[in-house]
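Undergrad: Attaching a single structure in structure tokens format; questions to follow.
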Amino acid sequence: MSIPDFQAIMLPLLQLIQDGREHRLRDTVDTLANVFGLTEEERLQLLPSQTQRVFDNRVGWSKTHLLKAGVLESTRRSYFKITERGNDLLRTAPQQVNMNLLKQFPEYMEFLKPSNTGNGTEITAAIPQVNTPQEVMSGAYEEIRRTTALELLTKVKQCPPAFFEKLVVDLLVKMGYGGSLKDAGNATRLTNDGGIDGIIKEDKLGLDVIYIQAKRWDNQPVGRPDVQSFVGALDGQKASKGVFITTSRFGDNVKEYVKNISKKVVLIDGEQLAYYMMDYEIGVAVEYSYIVKKIDHDYFDE
């Protein structure tokens, strides 16, 4: 089955802990995963931010809503138990426990009440009916990244070849290769040497070098013959490492080909190039920055 949303988890969670004893969140997550019959793949599925498992996140938010409604109570860090109110709720044999049902409790309504931040902006604690706040934020963040990457790649394709060469230099230096911008710029000037566009230091000491092929193509895919030509050029230089960068994409059989050769060749297509540019802040600027905070339990345990 698919991963249940956080509201669908509420009733099974209450039923699981109705024995009145303390329960640890980690154990509860594992037991509920078995209750819902989740596969290993579903248990390990991560949020778009890659920071937390989806099911863990949803169980955590289910617990938060039940705590705010007073049907659960925290006993110590990561431990909780059902309250008398929670047992009373189960005695009514509800078909489901969700946000609407919890609205009968004043504490929960207070939790959902819009609050003022003090700067004229109102924030409401009410969240979407299916996704948790982290899922909403992660999904929106990834959508912004995807849209920006597409716009960025379009812009790069419109740049002249010389600018694309500079872009590659800037990116590789930001990633830790080539030493200084001056060294990298000198090293990566187009060589037109047997299919090699440039050479750059692998580290600041220059203990090894990396050979580069850069193709500023629009929609034409880079095929296996193009990459084979580059690998042949590496042989001519007695080189073992290379990076093939394109603003286009690689043909279906290219990635399989580079997996089975003795040399280490990294393929960077247009989409990956755009994401690297964003991650290393090449051609982009920070517009907004949001910091999400959580309780530092260690502070209170001192």
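The values are calculated or read from the model by the stated rules, or taken from the named source; none is laboratory data. Keep in mind the model is a prediction, meaning the values are calculated, not measured. Cβ coordinates were reconstructed from backbone atoms using ideal geometry, including for glycine residues, and neighbour counts include every protein chain displayed. Side chains are part of the model used for accessible areas, which takes the heavy atoms of the whole protein and leaves out ligands, DNA and RNA. Shrake-Rupley method; radii C 1.70, N 1.55, O 1.52, S 1.80 Å.
Undergrad: Residues in the stretch 108-117: is at least one of a type outside the set (A, V, I, L, M, F, W, C), modelled with pLDDT of 95 or more and either open to solvent by 30 Å² or more (accessible area, probe 1.4 Å) or over 20 Å from Glu135 (Cβ atoms) (or both)?
TA: no
Undergrad: Turning to a different aspect of this structure: For the stretch 75-89, how many residues meet the condition of being farther than 18 Å from Ile9 by Cα and within 32 Å of the chain's Cα centre (by Cα)?
TA: Residues flagged as farther than 18 Å from Ile9 by Cα and within 32 Å of the chain's Cα centre (by Cα) within the stretch 75-89 amount to 2.
Undergrad: Of the conditions (1) in contact with a Gly (Cβ under 9 Å, 6 or more places away or on another chain); (2) of a type in the set (Val, Ile, Thr); (3) open to solvent by 60 Å² or more (accessible area, probe 1.4 Å), Val169 fails just one. Which one is it?
TA: With (1) in contact with a Gly (Cβ under 9 Å, 6 or more places away or on another chain); (2) of a type in the set (Val, Ile, Thr); (3) open to solvent by 60 Å² or more (accessible area, probe 1.4 Å) applied to Val169, the lone miss is (3).
Undergrad: Still on this structure: Just to be sure, is Glu271 within 26 Å of the chain's Cα centre (by Cα) and touching a residue at least 40 places away in the same chain (Cβ under 8 Å)?
TA: Taking the combined requirement at face value, the residue satisfies it.
Undergrad: So which residues in the stretch 253-284 are under 25 Å from Val136 (Cβ atoms) and exposed (fewer than 10 other Cβ atoms within 10 Å of the Cβ)?
TA: Those that are under 25 Å from Val136 (Cβ atoms) and exposed (fewer than 10 other Cβ atoms within 10 Å of the Cβ): none in the stretch 253-284.
Undergrad: Tell me which residues, restricted to the stretch 7-59, are among the hydrophobic types (A, V, I, L, M, F, W, C) and part of a loop (DSSP other than H, G, I, E, B).
TA: Within the stretch 7-59, Ile17, Phe36, Leu38, Leu47 qualify.
Undergrad: List every residue pair whose Cβ atoms sit under 8 Å apart, with the two residues 6 or more apart in sequence or on different chains, where the first one lies in the stretch 156-177 and is of a type in the set (A, V, I, L, M) and at pLDDT below 85 and the second, anywhere, is exposed (fewer than 15 other Cβ atoms within 10 Å of the Cβ) and not in a loop (DSSP other than H, G, I, E, B).
TA: Close Cβ pairs satisfying both conditions: Val169/Leu181; Val173/Leu181.
Undergrad: Look at Asp296 and say whether it is open to solvent by 50 Å² or more (accessible area, probe 1.4 Å), in contact (Cβ under 8 Å) with a residue 24 or more places away in the chain and not aliphatic (A, V, I, L, M).
TA: For Asp296, the condition - open to solvent by 50 Å² or more (accessible area, probe 1.4 Å), in contact (Cβ under 8 Å) with a residue 24 or more places away in the chain and not aliphatic (A, V, I, L, M) - is not met.
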